[in-house]
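Reviewing the structure listed below.
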Protein chains: 4
Amino acid sequence: MSTPIGKTLWAIAEGYIPPTSTGPAPQMTSHETACILNTTNQEAQIAITIYFSDREPAGPYQLTVPAQRTRHVRFNELKDPEPIPKDTDFASVIKSSVPIVVQHTRLDSRQAELALLSTLAYASE
Amino acid sequence: MSTPIGKTLWAIAEGYIPPTSTGPAPQMTSHETACILNTTNQEAQIAITIYFSDREPAGPYQLTVPAQRTRHVRFNELKDPEPIPKDTDFASVIKSSVPIVVQHTRLDSRQAELALLSTLAYASE
Amino acid sequence: MSTPIGKTLWAIAEGYIPPTSTGPAPQMTSHETACILNTTNQEAQIAITIYFSDREPAGPYQLTVPAQRTRHVRFNELKDPEPIPKDTDFASVIKSSVPIVVQHTRLDSRQAELALLSTLAYASE
Amino acid sequence: MSTPIGKTLWAIAEGYIPPTSTGPAPQMTSHETACILNTTNQEAQIAITIYFSDREPAGPYQLTVPAQRTRHVRFNELKDPEPIPKDTDFASVIKSSVPIVVQHTRLDSRQAELALLSTLAYASE
């Protein structure tokens, strides 16, 4: 069952981290995530670039997903080279050294981590 | 990290702008958007055509997305050549001069801009 | 702006029409729809086949989408050759004489036709 | 209407079964499902592998979908070779002996089986 599946270049055109100014509940409960699956036998070296509407892109943010593992990357935990600003529209491009599958999910932990939405990211050919 | 990603022709088969007749809340809170990502080094010249169930298509609506930028296009802000009627089913085709990625998102600003739904648009081959 | 976009064979693997036994609200408010966009200059002759978990497929249900028009097909309005049973999991295959784009949407009319979910259907290659 | 549609290798990058520790309501109401459609004239022999963030993959879980039938596979009903742990992020790869279509859906049975989200799975080329 180790057939690799996926692509090495993905994009999520919609991203948003709620502002801190709307009270304690939203910041604690909503998580913008890129769910990444690496079915290969090699560690995936991943670089995420964040695009904005009114400034230069940020990143690359470097991270890894071990062989035959999945990882939920929360955008509000990306800190290096800079945190992603809250209350700001962004988009992301995810580049991997090996084929991966990426799904964009927004979680609401108020209801036992139920997702508010989830959609397949766009895979480059 | 400047690998372009995407296609030049996209479609969103479902669109809807709530009517004004249902009170102040829906019109202020719900936003039908096409989230567009342009990872290329050139400005994207974009033309949107709107299709209806019972009349000729409207448009093209012309807009641009700068190089290496994202833009959330709200359909209720498209005014030229004509506003998109409310309370009416529509679909859209998005044509770009350079490769882009398009995600269809319906936002609800009552909860700090949480999305109600989001799905990848259809990319032509 | 008349570049045709889409495919002639699509599938929606998840479908469900709420039962009538749960009271008046769900039956009046929830609509399982296939949003179909026909950007070509010809009428689309469409045949929908419905698949179930425990019986033979139903259909084909015949319908048309005019040239350069969109149509929201509600599954609970498909009556010929037989109504689709409520409270039953189903899937659908949508075949068209010309390229179309199909998006699967579940509407909730309690909130001015806001969608509960929407996802691109699967396009055959 | 028996044109087969689909692929034999699919991935769902996001999965989650609510914990039992949050009370009776979530465990009874939320169902993580893979909706599988088999339009071919042969039974689909399916093997599901589950990937985690911090341990070896589980499976394969073997199941079948009859010819020209659809089946909603609930992940919390997969028991052999081992139950899928609750309150744990996972991802899944679905391999079939014949072409199938897979849609990832999270159901909430509190509202007559309305889906909370639904998105097409990723089809390998």
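Readers should treat all values here as calculations from the given coordinates under stated rules, not as data from a laboratory. What you are looking at is a predicted structure, and each value in this text was computed from that prediction instead of being measured. When we count neighbours, we look across all protein chains shown, and the Cβ atoms used for this are built from the backbone with ideal geometry, even at glycine.
Averaged across the residues of A:71-77, what count of C-beta atoms belonging to other chains lies within 10 Å of each residue's C-beta?
Details: counts 7, 6, 0, 0, 0, 0, 0.
Average neighbour count from other chains, rounded to a whole number: 2.
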Once the dipole of the stretch B:51-101 is set up from charges on Cβ (+1 Lys and Arg, -1 Asp and Glu), the residue from the list B:PRO85, B:VAL73, B:VAL98 lying farthest towards its positive end is B:VAL98
One residue of chain A has its C-beta nearest the axis rotating A onto C; that residue and its distance in whole Å are A:THR119, 3
Within the under-10-Å Cβ sphere about A:THR64, not counting A:THR64, Lys/Arg +1 and Asp/Glu -1 give a net charge of +1
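What average number of partner chain Cβ atoms lie no more than 10 Å from the Cβ of the residues making up A:79-90? All intermediate terms of the calculation are to be shown ahead of the outcome.
Working: counts 0, 0, 0, 0, 0, 0, 0, 1, 2, 0, 8, 3.
Per residue, the average neighbour count from other chains is 1.
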Cα-based Rg and Dmax for the stretch D:28-95, in Å, come out at 12.7, 39
Links exceeding 26 Å between C-alpha atoms in this model, out of A:LYS7/D:LYS7; A:LYS86/B:LYS95; A:LYS7/C:LYS95; B:LYS7/C:LYS7, come to A:LYS86/B:LYS95; A:LYS7/C:LYS95
One decimal, nm, nearest first: from B:ASP87 to the same residue in each other copy, label points 7 Å out along Cα→Cβ, the values are 3.4, 3.4, 4.9
Sorted on mean Cβ neighbours within 10 Å (highest first), peptides B:40-49, C:36-45 come out as C:36-45, B:40-49
Once phi for every residue in the stretch D:3-14 is put through the Karplus expression 6.51 cos²θ - 1.76 cosθ + 1.60 (θ = phi - 60°), the whole-Hz ³J(HN,Hα) values, with Gly and Pro written as x, are 4, x, 9, x, 9, 9, 9, 9, 9, 10, 7, 10
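Per residue of A:39-52, count partner chain C-beta atoms within 10 Å of its C-beta, then hand back the mean as an integer. Don't skip to the answer; put the middle values down first.
Numbers: counts 8, 0, 0, 0, 0, 0, 0, 0, 1, 1, 5, 1, 8, 4.
That works out to 2 on average.
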In whole angstrom, the spacing between the Cα centers of the stretch C:79-97 and the stretch B:62-83 equals 37 Å
